[in-house]
Amino acid sequence: MIEYESLAKSNAAYLDELEAAAGRVIRGGWYVLGEEVKSFEDEFAAYVGARHCVGVANGLDALILSIEALALPPGSDILVASNTYIATILAILRAGHRPVLVEPALETFNMDPRRLAAALTGRTRAICVTHLFGKCCRMDEIGAFAEAHGLRLIEDCAQAHGARLGERMAGTFGDAGCFSFYPTKNLGAIGDAGAVVTDDDTLADHLRHLRNYGSKQKYVNRYVGVNSRLDEIQAAMLRVKLRHLTEMTAHKRRLAEVYFAGLPDWLSLPRRRDDEFDVFHIFAVRYPDRDALRAWLLEQGVRTEIHYPIPPHRQAAMVGILGGDWPVADELHATELSLPISCGHRAEDLGRVCEILQKYVV
């Protein structure tokens with residue numbers, strides 16, 4: 001069986017380093033907002049190319065706190081992709097604002113800049129983009145639109161660690177870049193973890209207050225904050241993984257080349273452009289009868305996933321919140337299939353997937 005992913009296999013190469021890092025934290029006796037968090041924040045900011053990194057408990061909190069820290073007028077409209085993972089929409093709602101959906105481009109899964117103008121309302125104050133599957137949105141066009149209309153810009157980078165558009169990394173185009181380090185991410189912790197990167201000194205200071213009960217000085221609370229602190233042990237785990245992220249990205253890009261060379265032409269493959277450096281968190285293909293193909297692959301010994309089976313506007317939680325028709329999102333959610341591609345896979349594994357798919361009778 002070719003598994004979709006095995007975290008144990010993906011982490012096996014770093015096991016000695018991870019265990020040593022955990023032991024260092026335990027023996028050190030400081031477990032919350034200590035030197036491991038500070039060091040990771042400095043190292044990840046340098047990796048991304050941002051002035052500040054603020055560690056938080058998870059990717060959802062990174063989004064919520066970033067939107068809160070922007071201090072938009074209550075009930076502002078925030079433009080967001082209609083096919084994003086629901087966390088992006090939940091963050092907008094939790095921060096007290098209204099998500100306004102914008103359809104993606106079929107060939108990229110990412111927000112279509114050509115559709116932004118039609119989505120503007122009198123209350124639009126921000127855009128929250130999601131760099132889905134490891135490909136940067138067209139931040140050149142989206143950023144220009146945001147600047148022209150005086151909109152704040154938040155980046156959901158949960159799947160885009162190290163992804164670039166031109167020479168700039170995901171997370172450095174907007175006011176805030178929000179990262180999840182959930183274990184399955186390209187840069188994954190051994191549990192929940194998240195961070196926000198920004199070049200805005202004031203925003204970073206606000207975020208450091210918000211993550212710790214609204215306080216940076218013990219028992220002095222400047223804001224109405226929350227408890228959302230990056231854990232010392234998770235920061236230590238992430239420091240280990242960050243040292244290997246470039247090689248992990250290179251490995252996944254080599255695996256993607258196996259797919260591009262060997263998959264049948266009846267599958268819709270990810271778009272590639274010279275100025276887009278994809279990190280292939282997910283290798284998403286499309287096929288009209290996706291469910292039948294997925295079942296057949298499982299019979300042949302290949303596990304796959306769907307990202308995601310239900311679009312946000314069709315979730316029960318969004319009844320009365322997200323209305324309207326979103327046919328592009330519906331089509332993507334009905335036809336997307338995620339093929340195995342992880343640090344635990346070898347080129348031979350993906351070559352076998354290609355051989356199996358070449359035998360499928362269309």
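The values are calculated or read from the model by the stated rules, or taken from the named source; none is laboratory data. Treat the numbers as computed from the prediction; the structure is a model and nothing was measured. Counting neighbours? That spans all protein chains shown, and the Cβs are built from the backbone with ideal geometry, glycine included.
Odds and ends about this structure:
- Cβ separations smaller than 8 Å between residues 6+ apart or across chains give the following pairs from region 68-82 residues that are in the same structural domain as Leu132 (by TED's automatic domain parsing) and more than 18 Å from Cys157 (Cα to Cα) to residues that are in a strand (DSSP E or B) and of a type in the set (Ser, Thr, Tyr): Ser76/Thr124; Asp77/Thr124.
- Set Thr184, Thr202: member being surrounded by fewer than 22 Cβ atoms within 10 Å (Cβ to Cβ), at negative phi, at pLDDT 95 or above and under 21 Å from the mean Cα position of the chain (by Cα): Thr184
- Members of region 127-172 that are in a loop (DSSP other than H, G, I, E, B) and either surrounded by fewer than 20 Cβ atoms within 10 Å (Cβ to Cβ) or hydroxyl-bearing (Ser, Thr, Tyr) (or both): His149, Gly150, Gly166, Glu167, Thr172
- Residues that are hydroxyl-bearing (Ser, Thr, Tyr) and either in a loop (DSSP other than H, G, I, E, B) or at pLDDT below 95 (or both) were ranked within region 11-48; the one that is farthest from Thr246 (Cα to Cα) is Tyr31.
- Remark: pairs (first residue in region 325-338, farther than 14 Å from Pro312 by Cβ; second residue polar (S, T, N, Q) and outside any loop (DSSP other than H, G, I, E, B); Cβ separation under 8 Å; 6+ apart in sequence or on different chains) = Thr335/Ser268.
- Residue satisfying condition, being at positive phi and of a type in the set (A, V, I, L, M), within set Ala81, Ala71: Ala71
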